[in-house]
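Asks: Below you'll find the structure I mean.
The values are calculated or read from the model by the stated rules, or taken from the named source; none is laboratory data. The structure presented is a predicted model; accordingly, all values stated were derived computationally and were not measured. Note: ideal-geometry Cβ built from the backbone for every residue, glycine included; neighbour counts use all protein chains shown. Note: areas computed on protein heavy atoms with side chains; ligands, DNA, RNA excluded. Shrake-Rupley method; radii C 1.70, N 1.55, O 1.52, S 1.80 Å.
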Amino acid sequence: MKILGIIPSRYASTRFPGKPLAMIGSKTMIHRVYIQASKAFDDIVVATDDDRIYNEVVSFGGKAVMTSPDHQSGTDRCAEAAVKYCKETGKTFDAVINIQGDEPFVRPDQLTSLGNLFEDKTVEIATLIKEAKTSDEIFSENTAKVIVNLKGEAVYFSRSPIPFKRGADKAEWVNKHVYYRHIGVYAYRYDILQKITLLPQSSLELCEKLEQDRWIENGYKIMTCKTDFEGLAVDTPEDLDKILRTMDVD
């Protein structure tokens, strides 16, 4: 099974401009993500639209490709980067893992678990989910929830708490049913990645602002992989300060 790990990385972040180049100890954030991803797969490439990020990756010996600044999602950036990387290297891949560029301590075992799902030839798309442990996780609109069928395939993603637990006080929902949160790491079979990026935005996607619902609405299946670990995402400078205060980094 040949897996390509792609790290989409943008400089222009509303809440944290220049985030990929922020220093975490002696290394930039994008460098730390690259190191962790390289523990899972042999082929890792950063997909960026910024020369500063591209030059940083090259400076530490990593691989990078320049992509369009007009992409609306990391998935779209991955699709372009995959084509460019394959053309530049002459390699082919069975699947692509979309590795978030703002999780400097992403766990390699989570990435390999996703990649292993593609040993099953019927798997088209895969993603990580984690059991919700608190009511805040269930009811926060900033947290995507997912319901899965008996095969482990995602049925629907929503910012609303799903499923609705009838006959129980909302404070007790977390104890009355197993709810799952979506952990935003995606994997796609190579040809499927190219197809889903050509799909127009769907009504469910526009409603929920969740791109994965576009794929489901168009009939694609998303296999889920359960994890007990949630990475430390850096969305703001305050998130980074917290990491630096609580973790021993070189």
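Asks: Within the range 58-79, track down each residue that is open to solvent by 10 Å² or more (accessible area, probe 1.4 Å), in a helix (DSSP H, G or I) and among the charged types (D, E, K, R).
Replies: Asp76
Asks: Quick check on the range 25-43: of everything there that is of a type in the set (Val, Ile, Thr) and free of Cβ contacts under 8 Å to residues at least 40 places away in the same chain, which residue is least open to solvent (accessible area, probe 1.4 Å)? Outline the logic, then answer.
Replies: Let us first name the residues in the range 25-43 that are of a type in the set (Val, Ile, Thr), namely 28, 30, 33, 35.
From the residues that got through so far, the ones that are free of Cβ contacts under 8 Å to residues at least 40 places away in the same chain too are 28, 35.
On the way: Thr28: 12, Ile35: 62 Å².
Here the residue is Thr28.
Asks: Assess whether Val178 counts as being farther than 21 Å from Cys78 by Cα, at pLDDT 95 or above and buried (at least 20 other Cβ atoms within 10 Å of the Cβ). First the steps, then the outcome.
Replies: Details: farther than 21 Å from Cys78 by Cα: yes; at pLDDT 95 or above: yes; buried (at least 20 other Cβ atoms within 10 Å of the Cβ): no.
Here the answer is no, as Val178 does not meet what is asked.
Asks: Out of all the residues in the range 152-175, which are closer than 22 Å to Phe229 by Cα and open to solvent by 80 Å² or more (accessible area, probe 1.4 Å)?
Replies: Selection gives Asn175 alone.
Asks: From the list Leu210, Leu193, Leu240, exactly one residue is under 28 Å from Lys2 (Cβ atoms), in contact (Cβ under 8 Å) with a residue 40 or more places away in the chain and surrounded by 18 or more Cβ atoms within 10 Å (Cβ to Cβ). Which is it? Give the derivation first.
Replies: Details: Leu210 fails: under 28 Å from Lys2 (Cβ atoms); Leu240 fails: under 28 Å from Lys2 (Cβ atoms).
Result: Leu193 is the single residue among Leu210, Leu193, Leu240 that is under 28 Å from Lys2 (Cβ atoms), in contact (Cβ under 8 Å) with a residue 40 or more places away in the chain and surrounded by 18 or more Cβ atoms within 10 Å (Cβ to Cβ).
Asks: If you take the residues in the range 5-23 that are assigned to a loop (DSSP other than H, G, I, E, B) and open to solvent by less than 20 Å² (accessible area, probe 1.4 Å), which one is nearest to Tyr34 (Cα to Cα)? Before you say what the answer is, go through the steps one by one.
Replies: We begin by selecting, within the range 5-23, every residue assigned to a loop (DSSP other than H, G, I, E, B); these are 10-18, 22.
With open to solvent by less than 20 Å² (accessible area, probe 1.4 Å) added as a condition, the list becomes 18, 22.
Working: Gly18: 17, Ala22: 14 Å.
Here the answer is Ala22.
Asks: Between a residue in the range 127-143 that is without any contact (Cβ under 8 Å) to a residue 24 or more places away in the chain and any residue that is open to solvent by 70 Å² or more (accessible area, probe 1.4 Å), which pairs come within a Cβ distance under 8 Å, given they are 6 or more apart or on different chains?
Replies: Every condition considered, the pairs that remain are Glu141/Arg159; Asn142/Arg159.
Asks: Of the residues that sit in the range 115-130 and are polar (S, T, N, Q) and not in a loop (DSSP other than H, G, I, E, B), which one is most open to solvent (accessible area, probe 1.4 Å)?
Replies: Pass one, the range 115-130, residues polar (S, T, N, Q): 116, 122, 127.
Right, trim to not in a loop (DSSP other than H, G, I, E, B) and you get 116, 127.
Values: Asn116: 100, Thr127: 0 Å².
Filtering first and then ranking leaves Asn116.
Asks: Also, quick follow-up: Just checking, how many residues over the range 204-224 are not polar (S, T, N, Q) and not in a loop (DSSP other than H, G, I, E, B)?
Replies: Initially, the range 204-224 is screened for residues not polar (S, T, N, Q), giving 204-211, 213-217, 219-223.
With not in a loop (DSSP other than H, G, I, E, B) added as a condition, the list becomes 204-208, 213-217, 222-223.
Total meeting the criteria: 12.
Asks: Does Val234 satisfy the criteria of being open to solvent by less than 50 Å² (accessible area, probe 1.4 Å) and either more than 18 Å from Ser135 (Cα to Cα) or modelled with pLDDT of 95 or more (or both)?
Replies: Details: open to solvent by less than 50 Å² (accessible area, probe 1.4 Å): yes; either more than 18 Å from Ser135 (Cα to Cα) or modelled with pLDDT of 95 or more (or both): yes.
So Val234 fits the description; yes.
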